[in-house]
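The values are calculated or read from the model by the stated rules, or taken from the named source; none is laboratory data. Note that the coordinates shown come from a computational prediction; the quantities given were computed from them, not determined experimentally. Ideal geometry is used to build each Cβ from the backbone, glycine not excepted, and the neighbour counts take in all protein chains shown.
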Amino acid sequence: MSVKYKLLKYHGHFSTHSEYRAVTIENQVVGIDRIGRSIQGATSLTHADVIAAIAALRDEISSQLMSGNVVHLPGLGYFSLAVKGELHQDPRSGHFRLRKPEVRTVKFRPDTEMMETFLHAEFE
């Protein structure tokens, strides 16, 4: 099992260190069915148990993020929200606020333990 990559040339003035950047070549998108079957084969959980646990985890992570919390799953990583909106200054208080704030994206930062699993990754 190895990770394939290719080198792409930078266009413009994005990097002062190198003319090229490495990007992975994705083999395929792995969905919940394949992950469920793989976990079922490696554990005593049924495929339905895995699917239900993933759905419940997604719902709980979403709920915690919407409550303003950062979610840490040990061994996996941290989930947090990034927000966007129009910046405006309150005329009375002078404080800056966002007008029409909304979620820009869900950020993920892998745990050290997860990153250590990639130390022995092979590349071609």
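Would you mention how many residues in region 1-10 are assigned to a loop (DSSP other than H, G, I, E, B) and either at pLDDT 95 or above or under 23 Å from the mean Cα position of the chain (by Cα) (or both)?
Step one: of region 1-10, the residues assigned to a loop (DSSP other than H, G, I, E, B) are 1-2, 4, 10.
Imposing the further condition that a residue be either at pLDDT 95 or above or under 23 Å from the mean Cα position of the chain (by Cα) (or both) reduces the set to 1-2, 4.
Adding up the residues that qualify gives 3.
Any residue in region 23-44 that's closer than 17 Å to R58 by Cβ: show its pairings with residues that are outside any helix (DSSP H, G or I) and of a type in the set (A, V, I, L, M, F, W, C) at Cβ separation under 7 Å, as long as the two are six or more apart or on different chains.
Here the result reads I39/L45, each pair linking region 23-44 to a residue that is outside any helix (DSSP H, G or I) and of a type in the set (A, V, I, L, M, F, W, C).
Can you tell me which residues in region 105-124 are closer than 29 Å to K84 by Cα and either among the hydroxyl-bearing types (S, T, Y) or modelled with pLDDT under 95 (or both)?
Once the filter is applied, which keeps residues that are closer than 29 Å to K84 by Cα and either among the hydroxyl-bearing types (S, T, Y) or modelled with pLDDT under 95 (or both), region 105-124 yields T105, T112.
Can you tell me which residue among V50, V83 is out of contact with any strand residue (DSSP E or B) (no Cβ under 6 Å at 6 or more places or on another chain), in contact (Cβ under 8 Å) with a residue 12 or more places away in the chain and not small (G, A, S)?
Working: V83 fails: out of contact with any strand residue (DSSP E or B) (no Cβ under 6 Å at 6 or more places or on another chain).
Testing whether each residue is out of contact with any strand residue (DSSP E or B) (no Cβ under 6 Å at 6 or more places or on another chain), in contact (Cβ under 8 Å) with a residue 12 or more places away in the chain and not small (G, A, S) leaves just V50.
Looking at (1) farther than 26 Å from E122 by Cα; (2) at pLDDT 95 or above, which is the only condition H13 fails?
Checking H13 against (1) farther than 26 Å from E122 by Cα; (2) at pLDDT 95 or above, the one that fails is (2).
Going through region 75-105 one residue at a time, which ones are surrounded by 10 or more Cβ atoms within 10 Å (Cβ to Cβ) and of a type in the set (F, W, Y)?
Hits for region 75-105 are Y78, F79.
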